[in-house]
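The values are calculated or read from the model by the stated rules, or taken from the named source; none is laboratory data. All figures in this text were calculated on a predicted structure; none of them were measured in a lab. Methodologically, a virtual Cβ is constructed for each residue, glycine included, from the backbone with ideal geometry; neighbour enumeration extends over all protein chains shown. Keep in mind that these areas ignore ligands, DNA and RNA; they rest on the heavy atoms of the full protein, side chains included. Shrake-Rupley method; radii C 1.70, N 1.55, O 1.52, S 1.80 Å.
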Amino acid sequence: MSGAGTVELMLAAACSRLAPARETAAALMGTLYEDVRPGRDDLPFRALVVAATDQVEVLAAAADVGCYLVARRTIRAGTAAVYGLFPMCRRRDLSRAEADAHWRDVHAPLALEHHAAMTHYVQLAVLQRLSGAVFDGFALCGFASEDDLRERFFTLPDSRRVIQADILKFADVERSPRRLLATATRFAGGTADQ
(Lines give C-alpha, C1' and ligand atoms only; values in the text may rest on other atoms or scores of the structure.)
Protein backbone atom coordinates (compact mmCIF):
# COMPACT_ATOMS: atom_id res chain seq x y z
CA MET A 1 0.00 0.00 0.00
CA SER A 2 2.55 2.56 -1.08
CA GLY A 3 0.00 5.28 -1.89
CA ALA A 4 -1.94 5.09 1.36
CA GLY A 5 -1.28 6.97 4.57
CA THR A 6 -3.70 6.23 7.41
CA VAL A 7 -6.65 3.93 6.73
CA GLU A 8 -9.97 3.88 8.62
CA LEU A 9 -13.19 1.95 8.04
CA MET A 10 -16.12 4.35 7.71
CA LEU A 11 -19.64 4.52 6.37
CA ALA A 12 -20.58 6.95 3.61
CA ALA A 13 -23.96 8.12 2.34
CA ALA A 14 -24.53 9.84 -1.00
CA CYS A 15 -27.55 12.14 -0.65
CA SER A 16 -29.54 14.27 -3.06
CA ARG A 17 -31.23 16.26 -0.27
CA LEU A 18 -29.04 18.67 1.71
CA ALA A 19 -31.13 19.13 4.87
CA PRO A 20 -31.34 15.41 5.79
CA ALA A 21 -27.64 15.00 4.95
CA ARG A 22 -26.71 17.84 7.32
CA GLU A 23 -28.94 16.49 10.11
CA THR A 24 -27.46 13.01 9.71
CA ALA A 25 -23.85 14.25 9.72
CA ALA A 26 -24.56 16.22 12.90
CA ALA A 27 -26.34 13.30 14.62
CA LEU A 28 -23.51 10.89 13.81
CA MET A 29 -20.70 13.43 14.46
CA GLY A 30 -19.47 12.86 10.93
CA THR A 31 -18.23 15.01 8.06
CA LEU A 32 -20.55 16.54 5.49
CA TYR A 33 -19.26 17.34 2.00
CA GLU A 34 -21.89 19.39 0.17
CA ASP A 35 -22.22 21.12 -3.16
CA VAL A 36 -24.65 23.98 -2.59
CA ARG A 37 -24.41 25.58 -6.03
CA PRO A 38 -27.94 26.28 -7.30
CA GLY A 39 -29.31 24.73 -10.48
CA ARG A 40 -26.92 21.78 -10.60
CA ASP A 41 -29.34 19.04 -11.61
CA ASP A 42 -26.49 17.38 -13.54
CA LEU A 43 -24.77 16.26 -10.33
CA PRO A 44 -25.00 12.59 -9.27
CA PHE A 45 -25.77 13.70 -5.69
CA ARG A 46 -25.51 16.92 -3.64
CA ALA A 47 -23.89 15.72 -0.42
CA LEU A 48 -21.70 12.96 0.95
CA VAL A 49 -21.85 12.13 4.66
CA VAL A 50 -18.86 10.20 6.05
CA ALA A 51 -18.97 8.88 9.61
CA ALA A 52 -17.33 6.34 11.89
CA THR A 53 -20.50 4.79 13.26
CA ASP A 54 -22.31 1.53 13.84
CA GLN A 55 -25.68 3.25 13.31
CA VAL A 56 -26.10 2.05 9.74
CA GLU A 57 -29.86 2.57 9.79
CA VAL A 58 -29.47 6.29 10.65
CA LEU A 59 -27.03 6.84 7.80
CA ALA A 60 -29.05 4.70 5.37
CA ALA A 61 -32.19 6.77 6.03
CA ALA A 62 -30.50 9.84 4.49
CA ALA A 63 -28.74 7.89 1.72
CA ASP A 64 -31.31 8.27 -1.04
CA VAL A 65 -28.57 7.85 -3.69
CA GLY A 66 -26.42 5.18 -2.00
CA CYS A 67 -24.86 3.88 1.20
CA TYR A 68 -21.36 2.36 1.38
CA LEU A 69 -18.78 0.79 3.65
CA VAL A 70 -15.53 2.55 2.72
CA ALA A 71 -11.85 2.46 3.54
CA ARG A 72 -10.89 6.08 4.19
CA ARG A 73 -7.28 6.51 3.07
CA THR A 74 -5.61 9.78 3.92
CA ILE A 75 -2.97 10.32 1.25
CA ARG A 76 -2.18 13.95 2.18
CA ALA A 77 -3.51 15.44 5.41
CA GLY A 78 -4.02 19.18 5.40
CA THR A 79 -6.59 21.93 5.52
CA ALA A 80 -8.83 22.84 2.61
CA ALA A 81 -11.48 25.45 1.89
CA VAL A 82 -12.98 23.61 -1.07
CA TYR A 83 -12.97 20.05 -2.41
CA GLY A 84 -13.26 18.49 -5.80
CA LEU A 85 -15.32 15.39 -4.92
CA PHE A 86 -14.91 12.83 -7.69
CA PRO A 87 -17.17 9.73 -7.72
CA MET A 88 -15.36 6.85 -9.41
CA CYS A 89 -16.59 3.75 -11.22
CA ARG A 90 -13.93 1.17 -12.07
CA ARG A 91 -13.26 -0.23 -15.51
CA ARG A 92 -15.54 -3.21 -16.16
CA ASP A 93 -12.60 -5.44 -17.15
CA LEU A 94 -10.93 -4.96 -13.74
CA SER A 95 -11.92 -6.48 -10.43
CA ARG A 96 -12.61 -4.13 -7.55
CA ALA A 97 -9.28 -5.17 -5.99
CA GLU A 98 -7.32 -4.57 -9.23
CA ALA A 99 -8.81 -1.12 -9.83
CA ASP A 100 -8.39 -0.14 -6.20
CA ALA A 101 -4.76 -1.29 -6.07
CA HIS A 102 -3.93 0.89 -9.10
CA TRP A 103 -5.82 3.86 -7.63
CA ARG A 104 -4.03 3.51 -4.28
CA ASP A 105 -0.53 2.44 -5.33
CA VAL A 106 -0.02 4.13 -8.72
CA HIS A 107 -2.51 6.98 -9.05
CA ALA A 108 -2.14 8.43 -5.52
CA PRO A 109 1.60 9.14 -5.90
CA LEU A 110 0.99 10.60 -9.39
CA ALA A 111 -1.76 12.83 -7.98
CA LEU A 112 0.58 14.20 -5.32
CA GLU A 113 3.18 14.96 -8.00
CA HIS A 114 0.83 16.50 -10.59
CA HIS A 115 -1.56 18.36 -8.25
CA ALA A 116 0.94 20.41 -6.22
CA ALA A 117 -1.71 22.94 -5.15
CA MET A 118 -3.79 20.13 -3.62
CA THR A 119 -3.55 20.63 0.15
CA HIS A 120 -5.56 17.56 1.21
CA TYR A 121 -6.20 14.23 -0.52
CA VAL A 122 -8.39 11.38 0.69
CA GLN A 123 -9.56 8.28 -1.17
CA LEU A 124 -12.78 6.63 -0.01
CA ALA A 125 -12.50 3.13 -1.48
CA VAL A 126 -15.87 1.37 -1.52
CA LEU A 127 -15.49 -2.02 0.13
CA GLN A 128 -19.19 -2.84 0.04
CA ARG A 129 -22.23 -1.16 -1.46
CA LEU A 130 -25.03 -1.37 1.10
CA SER A 131 -27.66 0.23 -1.15
CA GLY A 132 -28.16 2.41 -4.18
CA ALA A 133 -25.90 3.58 -6.98
CA VAL A 134 -22.81 1.61 -7.92
CA PHE A 135 -19.64 3.56 -7.12
CA ASP A 136 -16.19 2.10 -6.48
CA GLY A 137 -14.76 5.12 -4.73
CA PHE A 138 -14.81 8.83 -4.03
CA ALA A 139 -11.74 11.07 -4.30
CA LEU A 140 -11.68 14.12 -2.04
CA CYS A 141 -9.18 16.59 -3.49
CA GLY A 142 -8.86 19.61 -1.18
CA PHE A 143 -7.56 23.04 -2.14
CA ALA A 144 -6.99 26.30 -0.26
CA SER A 145 -9.36 28.18 -2.58
CA GLU A 146 -11.76 27.63 -5.44
CA ASP A 147 -9.30 29.52 -7.68
CA ASP A 148 -6.60 26.98 -6.79
CA LEU A 149 -8.94 24.12 -7.67
CA ARG A 150 -10.06 25.67 -10.94
CA GLU A 151 -6.86 27.40 -12.10
CA ARG A 152 -4.01 25.43 -10.48
CA PHE A 153 -5.40 21.88 -10.45
CA PHE A 154 -2.50 20.66 -12.59
CA THR A 155 1.12 21.45 -11.71
CA LEU A 156 2.93 21.16 -15.04
CA PRO A 157 1.84 21.70 -18.66
CA ASP A 158 1.93 17.91 -19.19
CA SER A 159 0.18 17.05 -15.90
CA ARG A 160 -3.33 16.92 -17.35
CA ARG A 161 -2.27 14.35 -19.96
CA VAL A 162 -0.41 12.22 -17.39
CA ILE A 163 -3.32 12.18 -14.93
CA GLN A 164 -5.99 11.56 -17.56
CA ALA A 165 -3.98 8.70 -19.11
CA ASP A 166 -3.55 7.10 -15.70
CA ILE A 167 -7.24 7.44 -14.78
CA LEU A 168 -8.08 5.43 -17.91
CA LYS A 169 -6.05 2.54 -16.49
CA PHE A 170 -8.45 1.97 -13.55
CA ALA A 171 -11.61 4.07 -13.96
CA ASP A 172 -14.46 4.03 -16.46
CA VAL A 173 -14.71 7.71 -17.30
CA GLU A 174 -18.00 7.23 -19.16
CA ARG A 175 -19.73 5.76 -16.09
CA SER A 176 -17.98 7.95 -13.50
CA PRO A 177 -20.22 10.98 -12.85
CA ARG A 178 -19.36 14.67 -12.79
CA ARG A 179 -17.38 15.99 -9.87
CA LEU A 180 -18.93 17.98 -7.08
CA LEU A 181 -17.47 21.28 -5.91
CA ALA A 182 -17.91 20.82 -2.18
CA THR A 183 -17.26 22.41 1.16
CA ALA A 184 -16.74 20.30 4.26
CA THR A 185 -18.28 20.60 7.70
CA ARG A 186 -17.01 18.36 10.49
CA PHE A 187 -19.35 17.80 13.39
CA ALA A 188 -18.45 16.98 16.99
CA GLY A 189 -20.99 16.64 19.76
CA GLY A 190 -23.78 17.45 17.31
CA THR A 191 -22.40 20.87 16.34
CA ALA A 192 -20.21 22.07 13.50
CA ASP A 193 -16.56 22.39 14.47
CA GLN A 194 -15.04 23.60 11.22
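Most mobile of Pro87, Pro109, Pro157 per a Gaussian network model of the chain (Cα springs, under 10 Å)?
In this elastic network of the chain, the residue with the biggest mean-square fluctuation among Pro87, Pro109, Pro157 is Pro157.
How many percent of the accessible area of the range 26-126 is carbon or sulfur, using a 1.4 Å probe?
Carbon and sulfur atoms account for 54 percent of the accessible area of the range 26-126.
Can you work out the Karplus-derived ³J(HN,Hα) for every residue in the range 153-167? Use 6.51 cos²θ - 1.76 cosθ + 1.60 with θ = phi - 60°, whole Hz, and x for glycine or proline.
My calculation for the range 153-167 gives 5, 9, 7, 10, x, 8, 4, 4, 5, 4, 5, 5, 5, 6, 4 Hz in order.
Kindly identify the range 122-194 as rounded, prolate or oblate by the Cα gyration tensor criterion: order the square roots of the eigenvalues as a ≥ b ≥ c, call it rounded if a/c is under 1.5, otherwise compare a/b with b/c, prolate if a/b is larger, else oblate. Present the calculation step by step, with values, prior to reporting the outcome.
Details: a/c = 2.69, a/b = 1.18, b/c = 2.28.
Cα axes put the range 122-194 in the oblate bin.
Measure nothing fancy, just the Cα-based angle from helix 18-27's long axis to the longest principal axis of the chain, in degrees from 0 to 90, nearest 10.
Approximately 80 degrees, to the nearest ten.
Please find, in a Gaussian network model of the chain (springs between Cα atoms separated by less than 10 Å), the residue of Gly132, Gly142, Gly66 whose mean-square fluctuation is greatest.
So, out of Gly132, Gly142, Gly66, the one fluctuating most is Gly132.
Write down the accessible area per residue of the chain in Å², having rolled a 1.4 Å probe over the full set of protein chains.
Averaged over the residues of the chain, the accessible area is 46 Å².
Just Leu180, Leu48, Leu110 to compare: in a GNM of the chain, with alpha carbon springs under 10 Å, which one fluctuates most?
Checking each option, the largest mean-square fluctuation is seen for Leu110.
Can you tell me the relative contact order of the chain? Whole percent, Cα pairs under 8 Å, sequence separation 6 or more.
Taking the mean separation of contacting Cα pairs over the length of the chain, I get 31 percent.
Write out the trypsin sites (Lys or Arg not before Pro) in the range 58-165 meeting two conditions: DSSP loop, and at most 12 other Cβ atoms within 10 Å of their Cβ. Before the final figure, lay out each step's value.
Numbers: sites: Arg72, Arg73, Arg76, Arg90, Arg91, Arg92, Arg96, Arg104, Arg129, Arg150, Arg152, Arg160, Arg161; in loops: Arg91, Arg92, Arg152.
Those that pass, being in a loop and sparsely packed, are Arg92.
For the range 36-109, what does the alpha-carbon gyration tensor say about shape, rounded, prolate or oblate, given a ≥ b ≥ c as the root eigenvalues, a/c under 1.5 as rounded, and a/b over b/c as prolate?
rounded
Roughly how many debye, to the nearest 20, is the charge dipole of the range 85-135 about its Cα centre, given +1 on each Lys and Arg Cβ, -1 on each Asp and Glu Cβ, and no other charges?
240
Taking every pair of distinct Cα atoms and averaging 1/r, then inverting, what Kirkwood hydrodynamic radius in Å comes out for the chain?
Final number for the Kirkwood radius of the chain is 16.6 Å.
Taking amide H atoms as placed 1.01 Å from N in the peptide plane, list the residues 5 or more away in sequence, or in a different chain, whose amide H sits under 5 Å from that of Ile75.
Gly5, Tyr121, Val122, Gln123
In sequence order, what are the phi-derived ³J(HN,Hα) couplings for the range 118-130 according to the Karplus relation 6.51 cos²θ - 1.76 cosθ + 1.60 with θ = phi - 60°, rounded to whole Hz, with x for glycine and proline?
6, 8, 8, 9, 10, 10, 9, 8, 6, 8, 8, 8, 8
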